[in-house]
Amino acid sequence: MADPSSYRPKPGQIPDSPGVYKFRDEHRRVIYVGKAKSLRQRLANYFQPLTSLHPRTATMVTTAASVEWTVVATEVEALQLEYSWIKEFDPRFNVKYRDDKSYPYLAVTMNEEFPRVQVMRGAKKKGVRYFGPYGHAWAIRETVDLMLRVFPVRTCSAGVFKRSAQIGRPCLLGYIGKCAAPCVGRVAPEEHRELAEDFCDFMAGRTGAYLRRIEQQMMAAAEDMEYERAARLRDDIEALKKALEKNAIVFNDATDADLIAVAEDELEAAVQIFHVRGGRVRGQRGWVTDKVEAVDTAGLVEHALQQLYGEETGDSVPKEVLVPALPEDAEAVSGWLASRRGSGVSLRVPQRGDKKDLMVTVARNAQQALALHKTKRASDLTTRSRALEEIAAALDLDSAPLRIECFDISHLQGDDVVASMVVFEDGLARKSEYRRFQIKSFEGQDDVRSMHEVISRRFRRYLAEKARTGEWVEEEGQDGAEVSGPESGGLPAAVSGEVSALQEEDGRPKRFAYPPQLLVVDGGQPQVAAAQRALDELGIDDIAVCGLAKRLEEVWVPGEDDPVVLPRSSEGLYLLQRVRDEAHRFAITYQRAKRTKRFKAGPLDAVPGLGDTRKQALIKHFGSVKKLRSATIDEICEVPGIGRKTAETVAAALAEAVPAAPAVNTATGEIIEEDDGGSTP
């Protein structure tokens with residue numbers, strides 16, 4: 001625990017201007033990011049007596065080891081920089097909303113020649129129109145099915161579209177009138193794009209004018225005694241009205257607004273957002289967060305606005321945002337939202353009328369979401385805590401292992417030997433810190449030797465990072481040589497070769513920068529002994545080691561002849577199994593990828609200095625590897641980007657490569673000629 005006075009800036013050092021500040025821990029990892037109108041006044045609040053600080057703030061300042069700041073010109077710039085740094089550094093003491101699901105959107109791919117209507121999740125793509133989010137994908141499909149009668153836009157995949165174009169017959173939707181069948185040329189690309197644009201206009205809320213236009217067409221058809229066409233238009237109107245009924249009408253006017261409500265207790269908070277477009281609720285979403293910092297409702301609202309609109313531009317940011325409490329810097333937040341939208345945005349608290357009534361509904365949804373989350377989390381959190389305590393007791397650890405790293409070796413009969421490292425923090429997988437290794441020091445199958453190499457490499461990098469950040473304390477090394485900090489250049493040989501490879505920006509999650517409390521290996525006594533020997537050789541004695549053997553699920557510890565046997569019903573054993581299985585999955589996935597890549601390799605892959613671009617240029621020019629093999633050096637030089645020296649290297653490599661044996665038709669005995677004689681890149 002650090003004393004905040006040890007890194008408190010001297011009086012007068014902090015400027016009295018807007019800016020963004022970062023607190024870092026002893027590993028130089030950013031643990032908190034904040035902004036302020038006045039850096040001097042805000043930072044002074046953190047260096048009060050600990051008894052006068054909020055408990056969470058006190059925990060943060062005692063975890064931190066330094067503070068730094070960046071001055072900006074305006075509060076809007078401070079808000080934008082704060083959001084960017086939170087996204088970049090992922091600080092542990094900042095509020096981060098966890099989206100409780102990947103919400104589906106109704107998407108129209110306007111960036112394609114023939115736009116397609118489909119359900120999409122995940123990051124938004126440029127040139128695609130999005131509507132939603134929706135609570136369930138089936139709700140989107142029901143709406144689309146009703147609207148395809150009026151707007152027969154393409155919904156098929158690229159493969160189905162290409163196949164229909166090749167055979168000259170549309171799919172079933174084309175036959176039943178729910179697709180205009182652009183694949184077979186029933187409509188021109190321009191006509192199909194107009195259909196897609198009308199579909200988007202209707203989904204965007206411009207429904208009244210379109211319905212009136214169809215009604216006029218229906219009446220005109222009836223007057224002209226085109227009764228079949230009039231009946232079809234009548235059915236189209238009914239289908240559109242039925243689709244509209246699926247979105248509740250909340251405002252009589254064409255209101256475009258997002259309503260945000262917050263439900264909170266001492267430890268957690270839930271946020272619910274209703275998206276209203278054209279006076280109707282078009283989508284709903286929600287987040288839940290742990291209150292890891294001392295923050296009130298206004299602060300939660302500000303964080304929610306950053307999460308919701310940080311990556312959005314244009315019409316994705318509505319004209320009006322209704323909130324339960326205004327952020328502290330409401331004008332700055334409004335200005336930031338306006339900059340994202342490109343026009344003015346009204347940020348306010350509804351006081352009366354329909355908007356206040358709807359806000360009550362949104363708040364009720366937030367309360368229900370928080371209650372449901374706490375019901376799910378209670379048993380999960382209790383179980384994880386019990387599992388960590390059981391592991392600590394079984395292995396005789398001083399405290400629960402909050403960070404666990406597990407290593408596994410994978411190969412196929414000694415080929416493509418790789419290793420994996422997975423990380424679990426607080427009993428949950430932290431996939432951003434997973435790492436994978438290729439075994440470099442030898443060839444063949446030797447799991448024990450591989451484990452020793454991987455553990456050595458991982459913790460050499462850890463020691464190198466400690467040295468680079470100035471955490472290395474002078475002490476006597478194993479061989480009696482003095483081990484000193486990076487300034488003196490006296491690092492041990494095992495460490496000095498790793499320092500130059502660690503040049504990432506301080507504060508970001510780095511490779512191997514943070515030590516675990518428990519190191520788990522997939523295996524028994526030999527693998528555990530190898531891992532412990534690697535740590536001993538590096539002088540590391542504060543990390544516990546164990547192994548989990550698959551045969552009887554026994555837990556092995558270094559130097560013991562008998563394993564630690566945990567009950568089959570033990571939550572601790574279950575957690576170790578999950579960690580081990582995840583390491584095995586990650587390792588075998590990497591090993592299979594390497595094997596597949598090796599099998600797909602062709603003769604050109606062995607040519608040194610020949611990248612994918614020039615390989616593709618050679619294949620495109622000659623048509624196949626077989627024809628390239630028979631070409632002269634002068635002919636190879638004719639390919640753009642291929643010089644004479646490269647051409648000679650390519651010709652020599654292909655001359656040495658043994659062509660694949662010809663294929664034989666087993667039924668007729670006929671030799672099947674191959675065009676390429678090898679795999680192309």
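For the listed residue pairs 291/374; 35/87; 440/615; 319/355; 615/645; 22/87, the alpha carbons are over 18 angstrom apart in 440/615. Listed peptides 620-632, 57-69 appear in the order 57-69, 620-632 once ranked by packing, highest mean of other Cβ atoms within 10 Å at the front.
Each residue of the stretch 225-233 is assigned a 3J(HN,Hα), and the resulting list reads 6, 8, 5, 5, 5, 5, 5, 5, 5 Hz, derived from the Karplus form 6.51 cos²θ - 1.76 cosθ + 1.60 (θ = phi - 60°), x at Gly and Pro. Using a probe radius of 1.4 angstrom, the carbon and sulfur fraction of the accessible surface of the stretch 346-455 is 46%.
Taking a ≥ b ≥ c as the square roots of the Cα gyration tensor eigenvalues, the stretch 1-45 comes out oblate, since a/c reaches at least 1.5 and a/b does not exceed b/c. Couplings 3J(HN,Hα) of the stretch 454-468, computed from phi: 5, 4, 4, 5, 4, 8, 5, 5, 5, 5, 4, 5, 4, 5, 5 Hz, in residue order, whole Hz [Karplus 6.51 cos²θ - 1.76 cosθ + 1.60, θ = phi - 60°; x for Gly and Pro]. The label point for residue 398 and the one for residue 56, both projected 7 Å from the Cα toward the Cβ, are 2.9 nm apart. The calculated FRET efficiency for the pair residue 163 and residue 226, based on their C-beta separation and a Förster distance of 45 Å, comes to about 0.80. In this simple spin-label model, placing a label point 7 Å from the Cα along the Cα-to-Cβ direction at both residue 41 and residue 581 gives a separation of 5.5 nm.
Computed from backbone phi, the HN-Hα couplings of the stretch 387-396 come to 4, 5, 5, 5, 5, 4, 5, 5, 9, 6 Hz, rounded to whole numbers (Karplus: 6.51 cos²θ - 1.76 cosθ + 1.60, θ = phi - 60°; Gly and Pro given as x).
Apply the a/c threshold of 1.5 to the C-alpha gyration tensor of the stretch 1-105 and tell me whether it is rounded, prolate or oblate. Oblate is the answer for the stretch 1-105, as a/c is 1.5 or above yet b/c matches or exceeds a/b.
The heavy atoms of residue 235 present about 60 square angstrom of accessible area, all protein chains included, probe 1.4 Å. Residues of the stretch 304-336 with an amide N closer than 17 Å to a point placed 7 Å from the Cα of residue 348 along the Cα-to-Cβ direction: 318-327, 330-335. The stretch 177-226 and the stretch 274-309 have their alpha-carbon centroids 37 Å apart. Ligands, DNA and RNA left out, the accessible area of the stretch 1-151 computed with a 1.4 Å probe is 50% carbon and sulfur. Taking 0.36 nm per residue of separation and subtracting the current Cα-Cα distance, fully stretching the chain between residue 361 and residue 553 would add 64.0 nm. Qualifying chymotrypsin sites (Phe, Trp or Tyr not before Pro) in the stretch 282-374, where qualification requires a DSSP coil assignment and no more than 11 other C-beta atoms within 10 Å, are lacking entirely. Stretching residue 190 away from residue 426 to a fully extended chain increases their span by 79.4 nm, per 0.36 nm per residue minus the current alpha-carbon distance. Of the trypsin sites (Lys or Arg not before Pro) found in the stretch 559-594, the ones in coil according to DSSP and having at most 15 other Cβ atoms within 10 Å of their Cβ are 568.
For the pair residue 389 and residue 17 in one chain, pulling the backbone fully straight at 0.36 nm per residue adds 129.2 nm over the alpha carbon distance. Does the stretch 143-213 classify as rounded, prolate or oblate by the C-alpha gyration tensor (a ≥ b ≥ c root eigenvalues; a/c under 1.5 gives rounded; else a/b over b/c gives prolate, otherwise oblate)? Because a/c hits 1.5 or more and a/b exceeds b/c, the stretch 143-213 counts as prolate. Inter-part distance, the stretch 112-164 to the stretch 568-584, computed on C-alpha centroids, equals 41 Å.
Restricting the chymotrypsin sites (Phe, Trp or Tyr not before Pro) of the stretch 30-61 to loop positions (DSSP other than H, G, I, E, B) with no more than 16 neighbouring Cβ atoms within 10 Å leaves 47.
The values are calculated or read from the model by the stated rules, or taken from the named source; none is laboratory data. These numbers come from a predicted model, not from an experiment. Note: ideal-geometry Cβ built from the backbone for every residue, glycine included; neighbour counts use all protein chains shown. Remember, those area values only see protein heavy atoms, side chains included, never the ligands or the DNA or RNA. Shrake-Rupley method; radii C 1.70, N 1.55, O 1.52, S 1.80 Å.
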